[in-house]
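The values are calculated or read from the model by the stated rules, or taken from the named source; none is laboratory data. Everything quoted here is computed from the prediction, not taken from an experiment. Virtual Cβ from ideal backbone geometry, glycine too; neighbours counted across all protein chains shown. When the accessible area is computed, the model is the full protein with side chains, heavy atoms only, and any ligands, DNA or RNA have been set aside. Shrake-Rupley method; radii C 1.70, N 1.55, O 1.52, S 1.80 Å.
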Amino acid sequence: MAETAQLIIDGNTYEVPIITGSEGEKALDISKLRAQTGHITLDIGYKNTGSTQSAITFLDGEKGILRYRGYPIEQLAEQSEFLEVAYLLIYGALPAKKEYEEFKNAVTIHTLVHEDTQKIFDGFPSNSHPMGVLSSLVSSLTAFYPRSIDPGRTPQEVNRTIVRLLAKIPTIAAWAYKGEMGHPVNYPNNELDYCSNFLHMLFSLPTEKYEVDPVVADALNKLLILHADHEQNCSTSTVRIVGSSHTSLYTAVAAGINALWGPLHGGANQAVIEMLEAIRNDGGDIQKYVKKAQDKDDPFRLMGFGHRVYKNFDPRAKIIKKAADDVLAKLGVDDPCLDIAKELEEIALRDQYFVDRNLYPNVDFYSGIIYRAMGIPTEMFTVMFALGRLPGWIAQWKEMRENQEPIGRPRQVYIGETERDYVSIDKR
Ligand code: ACO
């Protein structure tokens, strides 16, 4: 018999179905609650609300577990390639050798963007933030591929859009950076793998030959995998809810990029470095900043600390911390910000305020340090996150459409004025 919970309102008892996930997670299915009881649930910030049933990513914030399609993040980060993980997330299984070759080939041959894209780039001021440029350019792909707008699109058309997104976003992202620098853009080199090609487009200059360092390409591969999906976070929920109106996948992903940009989400990696630099420039008094973060009258927060779902440790932060040490050692980089980061982490982890609130370093605490060591400028950090998160956004959008989920439309509890009569302007 199906499990239910009992809800008593005004002396009336209602049976509420209980849904159990494949990892034993329990949820009360309240989809008929309003029709049966006249009540809705209230959960500002969706802290305790499941918006969907998903088979893509499992995470257990208490135990620090993260798995894509059942595979532990530690194994994927260590052993796989980013495009392989993208295939896994989007299509549900690890690709066989031939499938993977075909997929990689399809992505590789679509890396060029339409030449008219240059005209759009030219319209942006040279100091534009690359996240704004990226989201605008991704939206503009609907203009270059108008068939993607058709809500009745075929699976073949959807797959073409998926491949184009994976192929072209690195090109657009690298060009956004080149625009900011005032450098000529680099065209993709399809002889290079996904990560090496991106680094080439970012760093090659007409004046000197750029050789991709395999240490840097490997680190990038790992970072992209670690960011590839994180179930129903702010940007992914945005992609699903925007996509639920049957808008094009390009537009839904552009919305996700915009949601990611904020400092409480993907923008945190940029904010972490800016914070570490501010601490260093202010004489390196870490205690002062730890105290500031605890002061309720001070809006300052320790960037890269805390997470909505991880209340023990962020498994990605563990992997990244080690990767940061490896990359810095291999590249011979001595970064004072890393020393400040380590000391800050140590102090905060022992501080009662952070202990009481289960605040630990999250993935962004160390990712910025590696990106810096790789020579990637601070303003590009959130773009790097977007590159990584792209397969997750696509997979979640695809799942939502394939499951024919209804348009996302939360309710509210109205707390404004009750009905009153209009007063003409001269009588107010
Ligand atoms: N520094 C200081 N205090 C903090 C921090 C922080 N970084 N994070 C949370 N707190 C405190 C809050 O003030 C609050 O204290 P209170 O209970 O005394 O009022 C308590 O911890 C709970 O915080 P909430 O804001 O309610 O937690 P929530 O789950 O809503 O927020 C978030 C999570 C947004 C990540 C938050 O921890 C934060 O702002 N962190 C800094 C920004 C950051 O690193 N974001 C990246 C997140 S990871 C990602 O998107 C990839």
Exactly one of (1) β-branched (Val, Ile, Thr); (2) modelled with pLDDT under 90; (3) away from the ligand (no atom under 14 Å from the Cβ) is unmet by Thr247. Its number? (2)
Just wondering, is there one or more residues in the range 288-309 that are open to solvent by 50 Å² or more (accessible area, probe 1.4 Å), among the basic types (Lys, Arg) and within 27 Å of Arg67 (Cα to Cα)? yes
Please determine whether any residue of the range 373-383 is at pLDDT 95 or above, assigned by TED's automatic domain parsing to the domain that holds Ala293, in a helix (DSSP H, G or I) and not polar (S, T, N, Q). yes
Extreme residue, farthest from Leu83 (Cα to Cα), among residues of the range 206-228 that are in a loop (DSSP other than H, G, I, E, B) and open to solvent by 60 Å² or more (accessible area, probe 1.4 Å): Thr207
Among the numbered conditions (1) over 20 Å from the mean Cα position of the chain (by Cα); (2) in a loop (DSSP other than H, G, I, E, B); (3) within 24 Å of Glu62 (Cβ to Cβ), tell me where Phe300 comes up short. (3)
I'd like to know if the range 174-184 contains one or more residues that are touching a helix residue (DSSP H, G or I) at 6+ places or on another chain (Cβ under 9 Å), surrounded by fewer than 21 Cβ atoms within 10 Å (Cβ to Cβ) and in a loop (DSSP other than H, G, I, E, B). yes
What is the one condition in (1) open to solvent by 10 Å² or more (accessible area, probe 1.4 Å); (2) within 9 Å of the ligand (Cβ to nearest atom) that Leu260 does not satisfy? (1)
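Give the residues of the range 350-375 that are away from the ligand (no atom under 13 Å from the Cβ) and open to solvent by 70 Å² or more (accessible area, probe 1.4 Å), sorted by residue number.
Listed by number, the list holds a single entry, Arg350.
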Would you mind stating whether Val163 is of a type in the set (A, V, I, L, M, F, W, C), modelled with pLDDT under 95 and surrounded by fewer than 22 Cβ atoms within 10 Å (Cβ to Cβ)? no
Within the range 387-398, can one find any residue that is surrounded by fewer than 23 Cβ atoms within 10 Å (Cβ to Cβ), modelled with pLDDT of 95 or more and either away from the ligand (no atom under 16 Å from the Cβ) or on the phi > 0 side of the Ramachandran plot (or both)? yes
Which members of the range 37-60 meet the condition of being polar (S, T, N, Q), in contact (Cβ under 8 Å) with a residue 12 or more places away in the chain and either open to solvent by 100 Å² or more (accessible area, probe 1.4 Å) or assigned to a strand (DSSP E or B) (or both)? Gln53, Thr57
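Can you say whether Glu405 is touching a residue at least 12 places away in the same chain (Cβ under 8 Å), open to solvent by 20 Å² or more (accessible area, probe 1.4 Å) and not in a helix (DSSP H, G or I), as far as the supplied structure shows? Write out each step before concluding.
Working: touching a residue at least 12 places away in the same chain (Cβ under 8 Å): yes; open to solvent by 20 Å² or more (accessible area, probe 1.4 Å): yes; not in a helix (DSSP H, G or I): yes.
Spelling it out, Glu405 is indeed touching a residue at least 12 places away in the same chain (Cβ under 8 Å), open to solvent by 20 Å² or more (accessible area, probe 1.4 Å) and not in a helix (DSSP H, G or I).
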